[in-house]
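Colleague: I am attaching a structure below and will ask some questions about it afterwards.
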Amino acid sequence: MASHFSGALQLTDLDDYITPSQECIKPVKVERRPGKVGKIRIEDDGSYFQVSEIGEEKKLEKAKITLNDCLACSGCITSAETVLITQQSQDELYKVLEQNKIAMQNGNTEERKLVVVSIAPQCRASLAVKYNLTLQQTARKLTAFLKNLGVDHVFDTNFSRNFSLLESCREFVSRYRERENNKTALPMLASACPGWICYAEKTHGSYVLPYISTTKSPQQIMGSLVKEYFGKLKGQRPDQVYHVTVMPCFDKKLEASRSDFYSDVFSTRDVDCVITSGEVEKMLEKEGINLADVSEMSLDTILSNVFGEELVGHDGGGSGGYLEHIIKYAAKELFDLELQNIEYNVLRNKDFQEVVIEKDGQVLLKMALAYGFRNIQNIVQKIKRKKCQYHFVEIMACPSGCTNGGGQIRNDPDETANERLTRVNELYKSEKTISPFDHADVKRIYDEWLNGTDSEKSNSLLHTQYHEVEKMTNALNIKW
Amino acid sequence: MPRLEEVTTLDGHIDPVWCVSWSPSGSLLATCSGDKTIRIWGKEGEKWICKTVLTDGHTRTVRYVTWSPCGRYLASASFDATVVIWSRKEGEFESIATLEGHENEVKAVTWASSGSLIATCSRDKSVWIWEVTEDEEFECASVMSSHSQDVKHVIWHPNKEILASCSYDDTIKLYKEDNDDWTCFQTLASHDSTVWKICFDQSGSRLASCSDDKTVKIWQEYLPGNEEGVVTHGTNSVWKCVCTLSGYHERAVYDINWNHVTGHLVTACGDDSIRVFGEDAESNKNEPKFSLMTVINHAHSQDVNSVSWNPKIPNLLASCSDDNQVKLWRYVE
């Protein structure tokens, strides 16, 4: 089976001699019961029975590997794919919607979950190109399609990205001011791409992790907003809300599964399930619906990035615009410079670009975009040798960034993958933009819910941490 | 009858020797071993001696060693997941760079004819291309994950920027630069088991491969618009298997080397033997015929891992083995 993960994740598949199902070397905890072990019998259906000496039979539990086990293991990563499909897919969403229907039929309103779907802007662009729609049409038609299936609210992750961008800007400036005393303050590395985070944790660990911005990705901030803020507005506990995100990338499923984003108190995740653009296409196919034929429905504006009736995005490209926002904010805060147009210089390839801000011949700020595994490599190796001259690097695992994510809809046979990507990028860029600093609703949520910027609450809800995964060495792995 | 005469045995390595590599001028031989060292051998008078031992480059087996086209640099690939670049100045070797990035064992490293590109391959299934910058920095230009298994070897075309790799997945892949990145443009499938090594002939229009399936195969390039009418796509040429040498080797064939002067092929085999093949006089490129010229049974007391013709003295051959020895041979017509 071809892997859907970003290139960075694929490379960490360690073993080459054994097929994925046998490859897993994650030790599974087995609860030993006292007493003598008898025989084990295998039934025709593959289930195991333990037969004790006196003839008592007991069905044995199957060992299960969860996504969390996979994240904590330095072994393979691609074999987690089968785990992913069973734990996070459109089928899971269908299951919850079905359970809701049954609960209502039986009058168990208590058991009904509030279902929320948050859609990433890159996915809207991918679906819009597929069905020949505008971005606004796509947003309204998707809202209608999902609500007709039984979803309660449909939001837009551009809204939570406002918080990611604001926190990244502030984090950068404070790291810049600390740079003399803290050797790992700079370069700050972007944190929104889970493929990159997973790769850094599994293969580079301690010498790269301190440089990664602690700001949560838009998906995970949306998770907090939906479960904590919106849930409370609706009088629902976090575990009474089922939150699905639609993402351009399979690696986002791994991100949602991180233990950092799990609430022990309520036994629930901030994002319960992640489905990709391609999986939304599969849902439409399953229902026998062409998205273009769905009548439009007005948007849920409370957690969507709307201006008037229209959805708006951010400046700075298809991967979130982190560099663009940070460099403008930092130039103003640190050097009192108002930057209008940012000039990107293409270096080794189109996925490695540089922005330099100079004044009187002196370099004030130097930042880069580094997309795709080959460019990540050069940045990581330079950091390792303490030769990285950038203040900030917007790192993304996929070549061409997030609009080209592994979960996006494939090109039709009459065009190349590149032509499709160009159309998705053009449509994505056509959206009007807003500065996160000018957003009244964002300001209000900071004031009312987060107790202001840089408060304890905003730091705990908008930031996260990273964990080095220790390398497992196994003598059996040595091959000529 | 043609035959191979043993010239000398070079003792020094204390573990299996994995690779023998002649410098472009033919005056120096580099060898590497499970003993984690690289040895440089040269002639003093009539005697071959060990001139230098490079001991502090790698922490595990050194699997492969090769010279830059100018002969001033040496690259070594190791199971410690790194490649070390050595600079030769006045007979002394100094490590100037370590290429890091491969997940695990690096199996081979090779320099393009221009000297400005390096390719590496690893058990992590990937092939990497590195660009040599003006200030002797080495930057990753591409990572290609086309193979589904351990990549055993990688080699550049002798005069074009085309790269070839072979793998435990039984295939050979060819790559070129296309629209800002390197991509695989053809996969050659015909071997039934691991393809251990590949090499080009002097013109670059033929490729020889050797495999765990005990055969050697010859692949011919067909350019767009070829007179044979072989179908090609766009500007890419197509490579076809035109000859299979089977029934000669009793075990896996680990290495193959094409003599760029005489056209002779030499193989290193797991049956401890070295074989030399020559192309028949009436052979044509679409159906070439090769005959076994000579075989040295028990050339070594264990597996022969690598063989290489000297680039300047066409009848001089080097070999190495699991028996910790390096040997030099003279091919006599």
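Colleague: How do the pairs read when you match residues in the range A:451-464 that are free of Cβ contacts under 8 Å to residues at least 12 places away in the same chain and crowded, with 20+ Cβ neighbours inside 10 Å with residues anywhere that are of a type outside the set (A, V, I, L, M) and in a loop (DSSP other than H, G, I, E, B), using Cβ under 9 Å and keeping only pairs 6 or more apart or on different chains?
Modeller: none
Colleague: In the range A:125-142, what count of residues is obtained for those that are under 21 Å from the mean Cα position of the chain (by Cα) and among the hydroxyl-bearing types (S, T, Y)?
Modeller: 1
Colleague: Does at least one position in the range B:42-55 carry a residue that is hydrophobic (A, V, I, L, M, F, W, C), out of contact with any strand residue (DSSP E or B) (no Cβ under 7 Å at 6 or more places or on another chain) and touching a residue at least 12 places away in the same chain (Cβ under 8 Å)?
Modeller: Among the residues of the range B:42-55, not one is hydrophobic (A, V, I, L, M, F, W, C), out of contact with any strand residue (DSSP E or B) (no Cβ under 7 Å at 6 or more places or on another chain) and touching a residue at least 12 places away in the same chain (Cβ under 8 Å), which makes the answer no.
Colleague: Going by the conditions given, is B:V195 modelled with pLDDT of 95 or more, crowded, with 22+ Cβ neighbours inside 10 Å, away from every other protein chain (no Cβ under 13 Å) and farther than 30 Å from A:K382 by Cβ?
Modeller: Numbers: modelled with pLDDT of 95 or more: yes; crowded, with 22+ Cβ neighbours inside 10 Å: yes; away from every other protein chain (no Cβ under 13 Å): yes; farther than 30 Å from A:K382 by Cβ: yes.
When the stated conditions are applied, B:V195 passes them.
Colleague: Which of the residues that make up the range B:50-78 are of a type outside the set (S, T, Y), surrounded by 18 or more Cβ atoms within 10 Å (Cβ to Cβ) and either at pLDDT below 95 or part of a strand (DSSP E or B) (or both)?
Modeller: To start, the set of residues in the range B:50-78 that are of a type outside the set (S, T, Y) comprises B:50-51, B:53-54, B:56-58, B:60, B:62-63, B:65, B:67, B:69-72, B:74-75, B:77.
If we keep only those that are surrounded by 18 or more Cβ atoms within 10 Å (Cβ to Cβ) as well, we get B:54, B:57-58, B:62-63, B:65, B:67, B:74-75, B:77.
B:L54, B:G57, B:V62, B:R63, B:V65, B:W67, B:L74, B:A75, B:A77 - these are the residues of the range B:50-78 that are of a type outside the set (S, T, Y), surrounded by 18 or more Cβ atoms within 10 Å (Cβ to Cβ) and either at pLDDT below 95 or part of a strand (DSSP E or B) (or both).
Colleague: Still on this structure, please answer the following. May I ask you to list the residues in the range B:1-49 that are more than 18 Å from B:A268 (Cα to Cα), of a type in the set (V, I, T) and touching a Ser or Thr at 6+ places or on another chain (Cβ under 9 Å)?
Modeller: Listed by number, the residues that qualify are B:I14, B:T37, B:I38, B:I40.
Colleague: Kindly indicate whether any position in the range A:328-343 is crowded, with 22+ Cβ neighbours inside 10 Å and of a type in the set (A, V, I, L, M, F, W, C).
Modeller: Within the range A:328-343 (the criterion being crowded, with 22+ Cβ neighbours inside 10 Å and of a type in the set (A, V, I, L, M, F, W, C)), the answer is yes, since at least one residue qualifies.
Colleague: How many residues does the range B:138-159 hold that are at pLDDT 95 or above and among the aromatic types (F, W, Y)?
Modeller: Number of matching residues: 1.
Colleague: Could you go through the range B:87-106 and let me know if any residue there is without any contact (Cβ under 8 Å) to a residue 24 or more places away in the chain, among the basic types (K, R), closer than 22 Å to B:K36 by Cα and surrounded by fewer than 22 Cβ atoms within 10 Å (Cβ to Cβ).
Modeller: Scanning the range B:87-106, I find at least one residue that is without any contact (Cβ under 8 Å) to a residue 24 or more places away in the chain, among the basic types (K, R), closer than 22 Å to B:K36 by Cα and surrounded by fewer than 22 Cβ atoms within 10 Å (Cβ to Cβ), so the answer is yes.
Colleague: Moving on to the next point. Could you please find all residues in the range A:149-170 being surrounded by fewer than 24 Cβ atoms within 10 Å (Cβ to Cβ) and either β-branched (V, I, T) or without any contact (Cβ under 8 Å) to a residue 40 or more places away in the chain (or both)?
Modeller: A:V151, A:D152
Colleague: Give me the pairs, please: first residue somewhere in the range A:125-148 and closer than 14 Å to A:V306 by Cα, second residue anywhere and basic (K, R), beta-carbon distance under 9 Å, and either six or more positions apart or on two chains.
Modeller: Pairs that qualify, where the first residue is closer than 14 Å to A:V306 by Cα and the partner is basic (K, R), are A:L135/A:R124; A:A139/A:R124.
Colleague: Could I ask something else about it? Checking B:K160 against (1) assigned to a strand (DSSP E or B); (2) more than 14 Å from chain A (Cβ to nearest Cβ); (3) within 30 Å of A:E419 (Cβ to Cβ); (4) of a type outside the set (A, V, I, L, M), which test does it fail?
Modeller: Exception for B:K160: condition (1).
Colleague: Continuing with the same structure: Do we find a residue being modelled with pLDDT under 95 and either outside any loop (DSSP other than H, G, I, E, B) or within 20 Å of the chain's Cα centre (by Cα) (or both) anywhere in the range B:266-277? Break it down into steps so the answer makes sense when it comes.
Modeller: Here is the first cut: in the range B:266-277, the residues modelled with pLDDT under 95 are none.
No, the range B:266-277 has no match at all.
Colleague: A further question on this structure: Answer yes or no: is there a residue in the range B:233-247 that is polar (S, T, N, Q), within 20 Å of B:T110 (Cα to Cα) and not in a loop (DSSP other than H, G, I, E, B).
Modeller: Let us first name the residues in the range B:233-247 that are polar (S, T, N, Q), namely B:235-237, B:244, B:246.
Checking the rest, the ones that are also within 20 Å of B:T110 (Cα to Cα) come to none.
Looking through the range B:233-247, none of the residues is polar (S, T, N, Q), within 20 Å of B:T110 (Cα to Cα) and not in a loop (DSSP other than H, G, I, E, B).
Colleague: I'd like to check which helices (runs of 4 or more DSSP H) are fully inside the range A:173-283 and have at least 1 residues that are among the small types (G, A, S), without any contact (Cβ under 8 Å) to a residue 60 or more places away in the chain and closer than 20 Å to A:S458 by Cβ.
Modeller: Details: elements: A:194-199, A:218-224, A:251-256.
Qualifying helices (runs of 4 or more DSSP H): A:218-224.
The values are calculated or read from the model by the stated rules, or taken from the named source; none is laboratory data. A quick note: this is a predicted structure, and the numbers were derived from the prediction, not measured. FYI the Cβ positions are ideal-geometry reconstructions off the backbone, even for glycines, and counts take in every protein chain you see.
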